[in-house]
Amino acid sequence: DNDPGRDSEKRLERFMSHKPTLFTGGYNPEGTIKWIDEVEIIFEAMGCSEENKTILGTYVLREEAIVWWRNVKLRIGVEGVVILWEV
């Protein structure tokens, strides 16, 4: 059974089982770097592709951070374009 939706769901469950910190944004460079380092350790342990890093990383954005992410997607503005984690 090769169900991409189910694979994505399982990947998200695996990611969340590591209890990543929710990121709310705001001006806190040290906190931002700490959060990125934390999720990158999880990504490495899971063997995530760049595309999956973006999907999973943005899943734990909240408050100012999710507003920022929505604006990034609007500025890029091309449906179907994959936005990689390194961006």
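What to note about this one:
- Length gained on full extension, Ser49 to Ile76: 7.6 nm, using 0.36 nm per residue less the C-alpha separation.
- Bridging of Lys10 to aspartates and glutamates at a Cα separation below 14 Å is possible for Asp1, once same-chain residues fewer than 8 apart are set aside.
- Within the chain, helices built from complete DSSP H runs that reach 15 Å or longer along their own axis (Cα positions) and carry a mean Kyte-Doolittle hydropathy of 0.0 or higher are 29-46, 64-76.
- Net charge over other residues, Cβ less than 12 angstrom from the Cβ of Thr32 (K, R count +1; D, E count -1): -3
- Ordering 43-54, 7-18 by mean Cβ neighbour count within 10 Å, with the highest value first, yields 43-54, 7-18.
- Gyration tensor (alpha-carbon) shape descriptor, segment 4-76, a/c threshold 1.5: oblate
- Taking amide H as placed 1.01 Å from N in the peptide plane, Leu61 has its amide H under 5 Å from the amide H of Phe23, each at least 5 places away in sequence or on another chain.
Bear in mind that the values in this text are calculations on the coordinates, not laboratory data. Quick caveat, the model's predicted, so the values are computed rather than measured. Ideal geometry is used to build each Cβ from the backbone, glycine not excepted, and the neighbour counts take in all protein chains shown.
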